[in-house]
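*Asks:* Starting off with a structure, shown below.
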Amino acid sequence: VDNPNYNGHGRKRDESSSSLRKIKLETILLIRAIGEGAFGRVFLGTCAHLLKKDEFTFVAVKTLKGDCNELVRADFEREAEMLATLQHRNIVTFYGVCTEGEQWMMVFEFMEHGDLNKYLRDRDPDSRIRVHENNRADQPLHTDELMKIIMQIGNGMEYLASQHFVHRDLATRNCLVGSSYIVKIGDFGMSRDVYSTDYYRVGDAAVLPVRWLPPESLVYRTFTVESDVWSFGVTVWEIYTYGKQPWYEYSNMQVIEHIRNCKLLSRPPNCPDVVFDLMLGCWKANPQERLTMSQICNILREELSKHPVYLPII
Ligand SMILES: CC(C)(C)c1ccc(C(=O)Nc2cc(-c3ccccc3)nn2-c2ccccc2)cc1
C-alpha cells in the first residue's frame, strides 16, 4: 500500500514545487475533438501567448466533464500539480490548467502523430493495407528506427525513476509521437476507453493492464519503479512487434496464469539479440534482479553509438 503522504504514483507530495500555471480561457481556442473518455474529452486547440508573446501554440486540451463533483475536481487539481512537476524532453509537456469556466481544462503540448501504438500498427512492414495519411503511404519503420524509439522511452522512464515517480501503466498506447518523430511518454487518461481490451478487472479492484504487469503487481498489487521496468520490457516487445497486443493468443485469465508461472513473451521476429536480452533483463521474477532504467539506457546508448541513426535531413 502506498505511503499516505504519497499520491497514487508513489511520489512525495512536494508543496514547494507547484509551478502550476493558470491559463486564461480567452487565450484557448478549441478546434476539434481528438479523443473521448469516461471523464471528459480531448481537443486539438491553440493557445495564444503560451510560449511567445504574440504567437499561437498548438495544444491538446483535456476537458473535465462540467457536472463533476468536488471529489473529481480535487483529483484534477492533484493530478495537475503532479504533472506540473515533471519536465523532460521525453515526457509530454504539461503547460497548465484553465479553471475559469464551468469546464476545467488541462493544456498539453500537441503531439501530431498521436499515440505510439497506432503509429506502430500503421507502419508495420507486414501490414498489407497501408494507411494513407494525406495520400502519402506511411513508410514502414525499420529496426534501427525502432531502437531510437525505445531509447527515447527509456530516457523518459529513467527521468521518472529519478523523480521516484511510478507510472503504473507504461505501454505504447500511453506514449505519443510528435513532429520529427520525437516520442514522449504521456497520455490523456483515455486508454481504458480506447484500448479497453488491454485492461482487465482483477478481483474487485480497479481494472489493470495485466499483460504489462509483473507477478508481484498481479499477486500483491504492488507498483514500484521495478514493476515499471517490467512494463518497459513489455513496451519494447510491443515496439518490435509493431504494436501487437502481448499474449494476443491468450485470454486474460490464461495471461495471469502465464505471468504467475513466470512464462515469458517470446522473441519478436527479426528482434536483435541485444534487444531481446534487454527484455529478459526487465522480466526477472525477482524485482531486485531486474535491470534499472539507468542500466537499460546505458545499454541502448552503447548500441545506438554502434549504428548511428541518420536523421532524415532531406
Ligand atoms: C508520463 C506522465 C508523467 C506525463 C503521466 C503520468 C501519468 C498520467 C496519468 O495519470 N494518466 C491518466 C490515467 C487516467 C485514468 C483515467 C481513468 C481511469 C484510470 C486512470 N487519467 N489520466 C490522466 C489524468 C489527467 C491528465 C492526463 C491523464 C499521465 C501522464
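*Asks:* HN-Hα J couplings of region 116-122 from phi, Karplus 6.51/-1.76/1.60, θ = phi - 60°, integer Hz, Gly and Pro as x?
*Replies:* Coupling constants for region 116-122: 5, 5, 5, 4, 5, 4, 6 Hz.
*Asks:* Also: What share of Cα pairs, in percent, lie more than 18 angstrom apart in region 144-237?
*Replies:* 46 percent
*Asks:* Between V234, V61, V166, find the one with the highest GNM mean-square fluctuation for the chain; connect C-alpha pairs within less than 10 Å.
*Replies:* V166
*Asks:* Given 25 °C and 0.890 mPa s, how large is the Stokes-Einstein diffusion coefficient of region 169-310 in µm²/s, with Rh as the Kirkwood radius over Cα pairs?
*Replies:* 154 µm²/s
*Asks:* With 26 Å as the limit, write out which pairs from K184/K244; K53/K148; K53/K118; K22/K118; K62/K118; K24/K52 have Cα-Cα distances beyond it, or answer none.
*Replies:* K53/K148; K53/K118; K22/K118
*Asks:* Same structure, new question: Quick one: 3J(HN,Hα) in Hz for region 21-36, Karplus 6.51/-1.76/1.60 with θ = phi - 60°, rounded, Gly and Pro as x.
*Replies:* Computed from phi, the couplings for region 21-36 are 7, 9, 9, 6, 4, 6, 8, 9, 10, 8, 9, 7, 5, 10, x, 9 Hz.
*Asks:* Right, another one. Taking 8 Å as the Cα distance limit and 6 or more residues as the minimum spacing, I'd like the relative contact order of region 170-314 as a percentage.
*Replies:* Here the relative contact order equals 21 percent.
*Asks:* If you project the alpha carbons of region 24-158 onto their three principal axes, what span does each projection cover, largest first, in Å?
*Replies:* 48, 35, 35
*Asks:* With viscosity set to 1.567 mPa s and temperature to 4 °C, compute the Stokes-Einstein D of region 36-100, Rh being the Kirkwood radius across alpha carbon pairs; µm²/s, no decimals.
*Replies:* For these conditions, the coefficient is 97 µm²/s.
*Asks:* Ok, one more. Just want to confirm a number: the relative contact order over the chain, from Cα pairs under 8 angstrom separated by 6+ residues, in percent.
*Replies:* Relative contact order for the chain comes out at 15 percent.
*Asks:* Over region 30-72, what is the mean sequence separation of C-alpha contacts under 8 Å (at least six apart), divided by residue count, expressed as relative contact order in percent?
*Replies:* This gives 32 percent for region 30-72.
*Asks:* Now a separate question. If R0 is 25 Å, what FRET efficiency do you get for A48 and I182 from their C-beta distance, rounded to 0.05?
*Replies:* My answer for the efficiency is 0.60.
*Asks:* Just to be sure I understand: if I project the alpha-carbon convex hull of the chain onto a plane and average over all orientations, what area do I get in nm²?
*Replies:* Here the figure is 17.7 nm², rounded to one decimal.
*Asks:* Under the 0.36 nm per residue contour assumption, what length would be gained going from the current alpha-carbon distance of Y250 and L29 to full extension? Can you show the working numbers first?
*Replies:* Working: separation 221, 0.36 × 221 = 79.56 nm, distance 4.45 nm.
Stretched out fully, the Y250 to L29 stretch lengthens by 75.1 nm.
*Asks:* Whole-Hz Karplus ³J(HN,Hα) for region 176-183, in order, using 6.51 cos²θ - 1.76 cosθ + 1.60 and θ = phi - 60°, x for Gly and Pro?
*Replies:* Couplings: 10, 10, x, 5, 6, 6, 6, 10 Hz.
*Asks:* Continuing with the same structure: Give me the aspartates and glutamates in straight-line cross-link reach of K284: C-alpha distance below 15 Å, same-chain residues under 8 apart excluded.
*Replies:* E216, E226, D228
No value in this document is a laboratory result; all are computed from the given coordinates. Bear in mind the structure is a predicted one, so any value in this text is a computation, not a measurement. Positions of Cβ are generated from backbone atoms using ideal geometry, with glycine treated the same way; all protein chains shown enter the neighbour counts.
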